[in-house]
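Right, one structure below, let's go through it.
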Amino acid sequence: MGDRTTELAEKVCAKIPQQAEDLELIHRSQAGNTEAFDELVTKYRTKIFNMIYGIVGNECDAWDLAQEGFLKAWRSIHRFQGRSSFYTWLYRITINVTIDSLRRRCRRSEVEIDDTIPSFLPGPGDNYERAEIREQVYAALAQLRPEHRAVVVLKEIEDLQYREIAEILNVSIGTVMSRLFYARKKLQSILRPIFTPVEVEKEKLRFSCNAAINNR
């Protein structure tokens, strides 16, 4: 318990100077300073890209959606009032942009699984089995509803707390937990024929998803 409390305290202390720095950049951005906003983009673009990539499974689409999200954030920066951290506010904008894009795609036509699996070529330190697992995980994620896919990525890959996810998606914590429950059950049912029974246990499945996506 003591170690956990210490870890949480360290995280809180680490966020204080970061939030102060963000606040200064936000104020300058709200005054029309594009260089200040560029600093915010540089600071968060990798995290934003990784989050979107985990949902859409395509590098080009992820960069396009990240750009769209940052553009929307710039146009709305004057409305930021500091009720949440800039990080949370930005996540909310980009996750909504991503979900809206997936919904439009689903409305236009039935999404084929092959279209949502990224093309992987094993690189240095990679191997065929790992690349194959990634493809299978992305294929499984592609079968989830956009709202469920977003919750899985924010929880399992971004490792956010339920409260943070609820704030980003503008839903209740209960809704987050419900979506995550059904998403995990769906992933387990999809991946069960692929992996061994041991691998589809709750913690093993979570590790497989994280390893498959984070180690791309």
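The values are calculated or read from the model by the stated rules, or taken from the named source; none is laboratory data. Just so it is clear, the model here is predicted, and its values are computed rather than measured. No Cβ is skipped: glycine too gets one built from the backbone with ideal geometry, and neighbour counts run over all protein chains shown. All accessible areas refer to the heavy atoms of the entire protein, side chains included, with ligands and DNA or RNA removed. Shrake-Rupley method; radii C 1.70, N 1.55, O 1.52, S 1.80 Å.
Please specify each residue of segment 50-65 satisfying the condition of being closer than 19 Å to residue 155 by Cα and open to solvent by less than 20 Å² (accessible area, probe 1.4 Å). So that I can check it myself, show each step before the final result.
Narrowing segment 50-65 to residues closer than 19 Å to residue 155 by Cα: 50-57, 62.
Result: 51, 52, 53, 54, 55, 56, 57, 62.
Within segment 8-21, is there a residue that is assigned to a helix (DSSP H, G or I), modelled with pLDDT of 90 or more and of a type in the set (A, V, I, L, M)?
So in segment 8-21, the residues assigned to a helix (DSSP H, G or I) come out as 8-21.
When the remaining residues are screened for being modelled with pLDDT of 90 or more, the result is none.
Scanning segment 8-21 turns up no residue that is assigned to a helix (DSSP H, G or I), modelled with pLDDT of 90 or more and of a type in the set (A, V, I, L, M).
List the pairs whose first member sits in segment 160-185 and is in contact (Cβ under 8 Å) with a residue 12 or more places away in the chain and closer than 19 Å to residue 87 by Cβ, whose second member is open to solvent by 40 Å² or more (accessible area, probe 1.4 Å) and of a type in the set (A, V, I, L, M), and whose Cβ atoms are under 6 Å apart, counting only residues at least 6 apart or on separate chains?
Taking only residues 6 or more apart or on different chains, the pairs are 162/173.
Please work out which residue is least open to solvent (accessible area, probe 1.4 Å), limiting yourself to segment 77-99 and to residues that are hydroxyl-bearing (Ser, Thr, Tyr) and in a loop (DSSP other than H, G, I, E, B).
Taking segment 77-99 as the starting set, the residues that turn out to be hydroxyl-bearing (Ser, Thr, Tyr) are 84-85, 87-88, 91, 94, 98.
Those still in the list that are in a loop (DSSP other than H, G, I, E, B) too: 84-85.
On the way: 84: 22, 85: 38 Å².
Out of the qualifying residues, it is 84.
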